[in-house]
Every structure is written in structure tokens, then in C-alpha cells.
């Protein structure tokens, strides 16, 4: 895979360019290394949830690292993947679709889909013969926010849906999602135990069990212990299904994409009340920070020096003319922060680009290739 020419280290690039816009640094080698580690550790098939970052350079480098299946939620995500990697498997795991979207799924040749209601299973008639995974939900804590509030059948509903999936000529499977940024291995274990109960109650042998995404990335709390989660998943599958459990697959987005990108923001102003205005905010690359704690931030001056004074909490505003453009909590930063300083935010490859807008003309642009994996 041709990566292009890597630029200088980010700090060197910043000193030379002194950008006034948000900068996205992308490290293809770090992204690939992270994906290969995940593939080697997970006891089954690793797919990529395209929603986390659908940019072509991300998709191409994940494919180069060995990702052979992609979790897509829309025809546009199908198109994005097919334009980069035409022969991969597409797993259409958004459980709610229009009939037009089902038609697109037929055209793009999806190989599996998920459902959580009989009405949605009815819509999949044109795709008869593919794998269909019944998505179920539990009241299990562990994620930063709960996906079960929107998607998933109850255990009892899942039993009947699984019977119907088989009766209608689809290949039956089960799937779940423990919630984003989940760091509790027992959350996966409880879901897998429920999957075993559902399959036994339905009297259906499932082809695969999709244990979802939810695998955490480092947001300043330290590297997540994915190995412990993988071990818990494998052990739970054997407990729930016996010596011959179904094939496992997962669909991480954040855990694969996050480490390969760093976002660098500039302090536009220090306001009279001590709050800061940055050149990006919740309408841009910091959109997720509205709903979960901020990740790591490192402050440097325009010439690359670190601010080394004591820390003080700062209210953070984005650059737009909207008063909602504010982080919901103060952030600890060096007390002598000044306008023109830069905030270096690592681990920003997930969602910082895919859900960013260009409201008021602000937001991150195309990435700069850089080596961010071995220091700054």
C-alpha cells in the first residue's frame, strides 16, 4: 500500500507552518499496526465499523492491514468501501432501513444484515439467502452511552425473530453491542450468555455471533486492556455454547481508527473571564467531547515549547457564533496558556472527522501525513 510521503514530525510541522486552522495528522503506519494487533488478538473475524471514520485513506490502510469485512450502515458507506476495496464483505448492520436502502444493499452485494423487529425482517425479502443476525439488548452497564436505548430486541423477542430468520430462508446469527467505549469484560460475557439462552430457546443453530463494537480507545485513561476483553469473550462463548461455539466476529470502529489520527487546535483567544476560544469545537472535531469526557491534550507554544506551569480549569468555547459551541465541563490546562498556543490531541481518528460539520466555515480539513506513533 502506497502511503505517500510522510511529513516532518507534527511539532516540527507546526513550527514551520504556524497553521491557523485545525490540523488533522494521519499516521497510516500506526493505523495499520494497530489493526494488525487487533486482528492477531481477537478470537474470530475482525470487521471495521465504517461510521467511525469513512475517509478513503483510512479504509485503504485498514484493508492493507488485513481487514476483509466492513460494517456499513448506509448505501453511502457501501459506496465508500466498494470504491476502495471492491471484493470485501459488506455487513449491513443498521437494523432499520427503507425499501430503497434494501435495494441498494442488493446492488452492492451485502453478505449479511441485522434485524431487531419483524417489520425490518419483512423488508429483507429481496436479500433472502444471506446471513441475518438478530440483534438483542440487555440492561448491562459498561459503555459511555447505551446503544440498547435505540436498537435491539428483548430476549423473548429475539427467540421468535431467530426462528423466523431460519424459517424464511436466511442464515441465522445473533449480534449485540455492549455500548461505546466499554471497558468491562463482564459486559460482553453477560451478552454472550444471553445469546446462548436465545439460541437454545429458539432451537436454532447459529452460524456466527457478532459481539459488536464498543472496544475502548485511549482517551487519557491509558491503553485499554483489549486482551482481557478478548479472553473474556472466548471463555464466555465456550461456557454459553459448549465445545463447539459459533464463529465469533466483532465490528470495532473507535478501537481501530482512533490511534492513527491526532488533532491539533489553536487557541484563538483567552477571554476576560479566563475561558478559551479554540479554532474548533463541538460542531467540528470535538463533537464527541460534548457527550463523553475529553481525551488527552498537550499544550505547546507556537515555537514548540511546553507550558510547564501549574494546571487550572478552563471553560472551552468553539469558534462559531453559537453559544452551544462549548464543552460541557472545564478542562485542566496550564495556567499561563496564551492566544496562539496549540493543543495537541492524540487518538482522534474516530468520529472527529466523520461527524464534523463546516458550520460557520469552521472544522478540520484534509489530513497531513505524519509519524505520530513514536513521539511528537
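Worth a mention:
- Rounded tilt (10° steps) of 226-241 against the dominant C-alpha axis of the chain: 10
- Highest-fluctuation residue, 169, 349, 285 considered, GNM on the chain with Cα pairs under 10 Å: 169
- Gyration tensor (alpha-carbon) shape descriptor, the range 63-184, a/c threshold 1.5: oblate
- Principal-axis tilt of helix 155-167 within the chain, Cα atoms, nearest 10 degrees: 60
- Top of 24, 300, 264 by mean-square fluctuation, Gaussian network on the chain, Cα under 10 Å: 300
- Cα gyration tensor shape for the range 28-257, rounded if a/c is under 1.5, else prolate or oblate: oblate
- Shape category assigned to the range 253-376 from the gyration tensor of Cα positions, a/c cut at 1.5: oblate
- Taking 60, 52, 125 in turn, the Gaussian network model of the chain (Cα-Cα springs below 10 Å) assigns the largest fluctuation to 125.
- For the chain, the longest principal axis of the Cα atoms and the long axis of helix 99-108 meet at an angle of about 90 degrees.
Readers should treat all values here as calculations from the given coordinates under stated rules, not as data from a laboratory. Given the structure is predicted, the values throughout are model-derived calculations rather than measurements.
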